[in-house]
Amino acid sequence: MAMDRDKDVEIISRETVFKGYFQVDRYRLRHRTFAGGWTEEMMREVFERGHAVVVLLYDPDRDRIALIEQFRPGAYAAGWHPWLIECVAGIIEEGEHPEDVARRETREEAGSDPTDMVHVGDYLVTAGGSSESCRLYCARVDASTIAGTHGLAHEGEDIRVFVVDPAEALAMCRDGRINNAMAVLAIQWLTLERQSLRDKWLG
């Protein structure tokens with residue numbers, strides 16, 4: 001049975017219960033069941049973080065991946081080591097095209113300008129409690145120019161960028177040095193598609 005987003009969900013009310021750096025909305029709703037009836041009214045809070053781009057930086061000429069490392073308060077709050085190894089990423093502001101955000105964030109966080117870009121796909125981050133989606137790109141960069149620390153000081157960013165080969169990046173996913181979903185997904189995608197991507201970009 002195919003469900004319809006508009007016909008099979010009834011929003012009884014929606015209110016913003018918190019608005020700060022992020023926002024939380026409270027929904028009262030019900031939805032159609034697979035058996036054909038309707039659920040009882042339920043209340044759910046949804047974390048409204050916005051929508052993001054994620055950019056895997058890859059140099060096909062040198063066969064190298066550029067990754068970043070930065071402090072993450074959510075990891076700290078979860079009791080994890082809070083400096084995470086990640087891909088470049090950023091929030092899409094209203095009216096912005098995701099590819100423009102990807103290029104901007106690559107400059108800000110890695111000091112590099114992509115010469116080509118592939119749209120890999122889109123995914124929901126944690127649909128049980130947040131509306132956030134990510135658009136994943138793979139950007140062609142010159143890894144020989146990537147090093148040092150970057151980020152916007154007025155946003156509290158202190159971002160280290162470094163370069164590894166694809167086998168090492170995959171090993172980091174396997175042994176837990178990379179433990180965030182966006183980077184793991186991107187690196188696993190490159191593991192599957194690396195040769196075809198190199199054929200495309202290197203001719």
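We did not get these values from a lab; they are worked out from the coordinates using the rules stated. Every value quoted in this text rests on a predicted model; they were computed, and no experiment measured them. Cβ: placed from backbone, ideal geometry, glycine included. Neighbour counts: every protein chain shown.
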Completion exercise
Counting only DSSP loop positions in region 39-100, the trypsin sites (Lys or Arg not before Pro) whose Cβ has at most 15 other Cβ atoms within 10 Å are 62
Practice task
Give me 182, 43, 172 ranked fewest to most by other Cβ atoms within 10 Å of their Cβ, as a rough exposure proxy.
Solution key: 43, 172, 182
Practice task
With an 8 Å cut-off on Cα pairs and a minimum separation of 6 or more residues, tell me the relative contact order of the chain in percent.
Solution key: 20 percent
Fill in the blank from the handout: Applying the span-like rule to the chain (DSSP H, Cα extent along axis at least 27 Å, Kyte-Doolittle mean at least 0.0) gives 181-202
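Which whole-number percentage describes the relative contact order of region 9-48, with Cα contacts under 8 Å and a sequence gap of 6 or more?
38 percent
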Practice task
Would you mind computing Rg(Cα) / (2.2 N^0.38 Å) for region 4-124, counting N as its residues?
Solution key: 1.44
Completion exercise
Residues 21, 76, 137 in order from fewest to most other beta-carbon atoms within 10 Å are 21, 76, 137
Completion exercise
Of the candidate values (i) 1.18; (ii) 1.04; (iii) 1.57, the one computed for Cα Rg over 2.2 N^0.38 Å from this structure is (i)
Exercise for the section: Kindly identify region 8-74 as rounded, prolate or oblate by the Cα gyration tensor criterion: order the square roots of the eigenvalues as a ≥ b ≥ c, call it rounded if a/c is under 1.5, otherwise compare a/b with b/c, prolate if a/b is larger, else oblate. Expected result: oblate
Handout entry: Charge dipole magnitude, Cβ of K and R +1, D and E -1 - region 18-94, Cα centre, debye nearest 20
Key = 400 debye
Practice task
Measure out, as a whole number of angstrom, how far apart the alpha-carbon centroids of region 21-58 and region 66-87 sit.
Solution key: 25 Å
Exercise for the section: Kindly provide the helix-only [θ] at 222 nm of the chain, computed as the sum of -39,500 (n - 2.57) over DSSP H runs of four or more divided by all residues, to the nearest 500 deg cm²/dmol? Expected result: -7500 deg cm²/dmol
